[in-house]
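Chemist: Dropping the structure in here first, questions after.
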Amino acid sequence: MENIDKIIAHLKSQGFVFQSSEIYGGLANSWDYGPLGAEMKQKLKTLWWNYFVRKNPYNIGLDSSIILNPKVWEASGHLNNFNDPLIDCKSCKTRWRADKLIEEKHPDMNVGGWANAELEKFIADDGIACPTCGKQDFTPIRQFTLMFKTNQGVIEDDKSTVYLRPETAQGIFINFKNSQRALRKKLPFGIGQIGKSFRNEITPGNFIFRTREFEQMELEFFFDPKDGQDWFQYWLDNVVKFLETKLNFTKDSYVIRKHDEQELAHYSSQTSDIEFNFPFGRGELWGVAHRGSFDLEQHQKNSKQDLTYLDPTTNEKILANVIEPSVGVERLMLAILCNAYVEEQLENDTRIVLRLPNEVAPYNVAIFPLQKQQRDVAEKLYNELLCDFDATFDDTGNIGKRYRRQDAIGTPLCITVDFDTENDQAVTVRERDSMQQERVKISDLNNYLKNKLK
Ligand code: ATP
């Protein structure tokens, strides 16, 4: 896999990702998605939504608010527990996440669930130094809340304090009963949601891997624990199937890592992370957690509302259990882009290709007139193709350059209208990966392209 700096430079130059607020000197670790990045993001979200919500026989979707009643975060435990261990370098004053300082030096270690005293002792015993100044002079660890706080309304006091959500999941739990009743859903069923989440991360970084504002795609799947099905395995298998069949992930690009007892969140009996081999090291991509009935129980207790499900056959009241597959849109997008980026040595040239899966490539076809004389015919064809395809048009530079430009942004198929088109009513279609070309009748073009893009 290529070096991350090369990939970042490429994505910036091609209009996928820009430094946010660049004309004002930027804002640390904030990124804007350019025209092609925005397209790719939309497509990725649609792909997830289709797979996990629309085309799944059990599931439905939801779109809840970013700002919720603060009692939600009290009940979920976020106000008390959503913290990371912060450690300061006394010498250069930079701040670090203590667990990540250790894991960065020892990539095979996982210190999730360690107490602060254990982390402090390890950092001291192992001689871990500040990555910025190289000194070994740290403060004790203290807990740092990741919740972004703001005020709602015109008066700024404690009563108006609200939070930007740090996950989309709680918006689903608080709407469990509404959704179940309105749609007359029977267990088991899931509710999916895509939306922005905010975490005041201590050490954001690695490009779009860890940012303070990001999007999540989360599914909360509710079931009766007595139904005897292994829903955890079912959803873990589905996540793997999605990655491999929809996004072309190879088995050697990721590992499934099961959390050990110590690392498990207190409410979870089972969690596995799919970790991807990013160019900067292995990192969590997608978490699948068994949350038991923790969230519904907490919200039932705190809201004093009945959040049980009445089993229509047994008349028994059930507090549903939950499996949660959760992934970040940008993190998944980064993994796809790292997989796709290839620098290929040709006979007397090199080319950069993004071998993107068809369904997430910003454009799926590009149309070129070979020369000015074919411009009108090519433009007419382009306008027709726009009805069925995400097409782009390019008539600048020589044909070789135009192919390279489309390779660089991952367009799977290029169509050239040339001198012969008028005579044979056909065009040349060239494939991104094999670079092979085929002559196709315009009357067959629509079906041909649809077939190729399947
Ligand atoms: P990490 O250990 O990397 O901080 P986490 O275990 O806190 O992640 P979860 O709370 O399980 O993450 O969030 C679910 C998913 O949301 C993650 O697997 C990841 O894909 C994404 N995600 C979490 N935090 C961020 C972030 N700061 N930036 C981008 N994506 C994120």
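Every read-out reported here was derived from the displayed coordinates using simple, explicitly stated rules and does not represent laboratory data. Note that the structure is predicted; figures quoted are calculated from it, not measured. Cβ: placed from backbone, ideal geometry, glycine included. Neighbour counts: every protein chain shown.
Chemist: So how do ILE155, ILE87 line up by other beta-carbon neighbours within 10 Å, fewest first?
Modeler: Fewest-to-most Cβ neighbours within 10 Å comes out as ILE155, ILE87.
Chemist: To continue, here is another question. Looking at the chain only, what percent of DSSP beta bridges run antiparallel? Nearest 5 please.
Modeler: If I count the DSSP bridges inside the chain, around 85 percent turn out antiparallel.
Chemist: Give me the log10 of I(q) over I(0) for segment 198-259 at q = 0.14, 0.18 Å⁻¹, as the Debye formula computes it from C-alpha points; what are the numbers?
Modeler: With no solvent term, the Cα-only Debye profile gives -0.67, -0.97.
Chemist: Here is a further query. Over segment 111-201, what is the relative contact order in whole percent, taking alpha-carbon pairs under 8 Å and six or more residues apart?
Modeler: 25
Chemist: Within a Cβ distance under 15 Å of ARG184, other residues only, what is the Lys/Arg minus Asp/Glu net charge?
Modeler: +3
Chemist: If you don't mind, there's one more thing I want to ask. Per 0.36 nm of contour for each residue apart, how much would the distance between ASP32 and GLU104 grow if the chain were fully extended, relative to their Cα-Cα spacing? Show your work: numbers first, answer last.
Modeler: Values: separation 72, 0.36 × 72 = 25.92 nm, distance 2.69 nm.
Using 0.36 nm per residue and subtracting the Cα-Cα distance, I get 23.2 nm.
Chemist: Run the numbers for THR46 and GLN371: contour at 0.36 nm per residue of separation, minus the present Cα-Cα distance, in nm.
Modeler: On the way: separation 325, 0.36 × 325 = 117.00 nm, distance 3.68 nm.
Value of the extension gain: 113.3 nm.
Chemist: On alpha carbon coordinates alone, what is the Rg over Rh value for segment 312-373, Rh being the Kirkwood radius?
Modeler: 1.38
Chemist: Let me know the whole percent of all Cα-Cα pairs from segment 25-85 that are separated by more than 20 Å.
Modeler: Tail of the P(r) past 20 Å holds 62 percent of the pairs.
Chemist: Here is a follow-up. From largest to smallest, what semi-axes in whole angstrom does the chain give when each is the square root of 5 times an eigenvalue of its alpha carbon gyration tensor?
Modeler: Listed largest to smallest, the semi-axes of the chain are 44, 30, 20 Å.
Chemist: Given labels modelled 7 Å from the Cα in the Cβ direction, how far is it in nm from LYS149 to GLU379?
Modeler: That separation, rounded to one decimal, is 5.9 nm.
Chemist: What does the charge add up to near GLN270, with Lys and Arg as +1, Asp and Glu as -1, over the other residues with Cβ less than 13 Å from its Cβ?
Modeler: Result for the local shell: -3.
Chemist: Next question. Order by neighbour count: HIS259, HIS266, fewest other Cβ atoms within 10 Å first, most last. Could the numbers behind the result be given before it?
Modeler: On the way: HIS259 18, HIS266 8.
Taking fewest neighbouring Cβ atoms as first place, the list is HIS266, HIS259.
Chemist: Can you compute the equivalent ellipsoid semi-axes for segment 27-145, i.e. the square root of 5 times each eigenvalue of the Cα gyration tensor, sorted largest first and rounded to whole Å?
Modeler: Value: 37, 20, 16 Å, ordered largest first.
Chemist: Then there is this: Over all Cα pairs of segment 308-454, how is the pair count split among 10 Å bins, expressed in % and running from 0 up to the last occupied bin?
Modeler: 10, 34, 25, 11, 7, 7, 5, 1
Chemist: Same structure again: Under the rule of -39500 (n - 2.57) per DSSP H run of 4 or more residues, summed and divided by the residues of the chain, what mean residue ellipticity at 222 nm is obtained, to the nearest 500 deg cm²/dmol?
Modeler: -8500 deg cm²/dmol
Chemist: Take the alpha-carbon positions of segment 228-325, form their convex hull, and give its projected area averaged over all directions (one quarter of the hull surface) in nm².
Modeler: Value for segment 228-325: 8.9 nm².
Chemist: What's the exposure ranking of ARG402, ARG257, going from fewest to most Cβ atoms within 10 Å?
Modeler: The fewest-first ordering by Cβ neighbours comes to ARG257, ARG402.
Chemist: I'd like the distance separating the alpha-carbon centroids of segment 337-402 and segment 108-150, in whole Å.
Modeler: If you average the Cα positions of each part, the centres end up 48 Å apart.
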